[in-house]
Amino acid sequence: MGFDDGTQEPSDDGTRPERGPELRAALEAILIVVDEPVAAITLAQVLEHPTHEIETALRALAAEYSDAGRGFDLREVAGGWRFYTRADCAPLVERFVRDGQQARLTQAALETLAVVAYRQPVSRARVAAVRGVNSDGVMRTLVARGLVEEAGSDPESQAVLYRTSSYFLERLGLKSIDELPELAPFLPDDVENLEETTK
């Protein structure tokens, strides 16, 4: 099925069927109600259009919003598409939604999340070894907030392993973990020696 050109065939009773929305309008209608990124193939199935047409339309919409300087962007993150507040408008939205309340992660949570992100899949014991402090409570918080999830168990120790979630990728605006910045420039020169002392 291609783009609607307005030349629909009459139905059996001789009347023309009601025209549906144009593809771009249909995409906007769906994307405005989703609360997590939606894959192009899913949109293609729902809208009965080839996936390549959906992807072309999504990229055209994203470029249009960006060029027009709208208060929102259409971004491809975590394997799907979703609307996001434009970066320079985010503080205003945050102020409106939270009414001045800051719900930021603690330093301990940020440290733990970084260890999971760069060492995944990783056990709680390994996180604690890297941080030098018990991280069980912080891990529970990160799991509860949907940033970290279970990823099976270690075959040797049977310890539960953890990894970052698709929500983590979404919050950071990444398509995959491969897009995380390199850590090397931020580490001390003797990091390998430091790690050996914690084992």
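The values are calculated or read from the model by the stated rules, or taken from the named source; none is laboratory data. As the structure is a prediction and not an experimental result, all values here were calculated from the model. Cβ sites come from the backbone with ideal geometry, for glycine too, and all protein chains shown count toward neighbours. Ligands, DNA and RNA are excluded from the accessible area calculation, which covers all protein heavy atoms including side chains. Shrake-Rupley method; radii C 1.70, N 1.55, O 1.52, S 1.80 Å.
Looking across region 92-114 at every residue that is modelled with pLDDT under 85 and not in a loop (DSSP other than H, G, I, E, B), the one that is most open to solvent (accessible area, probe 1.4 Å) is identified as Phe96. Taking the condition touching a helix residue (DSSP H, G or I) at 6+ places or on another chain (Cβ under 7 Å), among the polar types (S, T, N, Q) and modelled with pLDDT of 90 or more, does Thr141 pass? No, not satisfied. Considered as a group, the residues in region 154-173 that are assigned to a strand (DSSP E or B) and open to solvent by less than 80 Å² (accessible area, probe 1.4 Å) include one that is farthest from Ala128 (Cα to Cα), and that residue is Thr164. Cβ-Cβ contacts under 7 Å between residues 6 or more apart (or on different chains), taken from a first residue in region 60-79 that is aromatic (Phe, Trp, Tyr) to a second residue that is open to solvent by less than 40 Å² (accessible area, probe 1.4 Å) and not in a strand (DSSP E or B), are listed as Phe72/Tyr65.
Of the residues examined, Asp136 is not one that is modelled with pLDDT under 90 and touching a strand residue (DSSP E or B) at 6+ places or on another chain (Cβ under 7 Å).
Note on region 115-153: residues that are surrounded by fewer than 13 Cβ atoms within 10 Å (Cβ to Cβ) and at positive phi total 2. Residue count for region 74-89 satisfying the condition of being under 25 Å from Asp178 (Cβ atoms) and in a helix (DSSP H, G or I): 1. Among the residues making up region 44-80, those that are among the hydrophobic types (A, V, I, L, M, F, W, C) and within 17 Å of the chain's Cα centre (by Cα) are Leu58, Ala62, Phe72, Leu74, Val77, Ala78. A single member of Ala117, Ala151, Ala129 is touching a residue at least 40 places away in the same chain (Cβ under 8 Å) and either touching a strand residue (DSSP E or B) at 6+ places or on another chain (Cβ under 6 Å) or not in a helix (DSSP H, G or I) (or both), and it is Ala117. Screening Ala87 on (1) loosely packed, with under 12 Cβ neighbours inside 10 Å; (2) over 30 Å from Ala63 (Cα atoms) shows it passes everything except condition (2). Confirm whether Val46 is at pLDDT 85 or above, β-branched (Val, Ile, Thr) and assigned to a loop (DSSP other than H, G, I, E, B). So Val46 does not fit the description; no.
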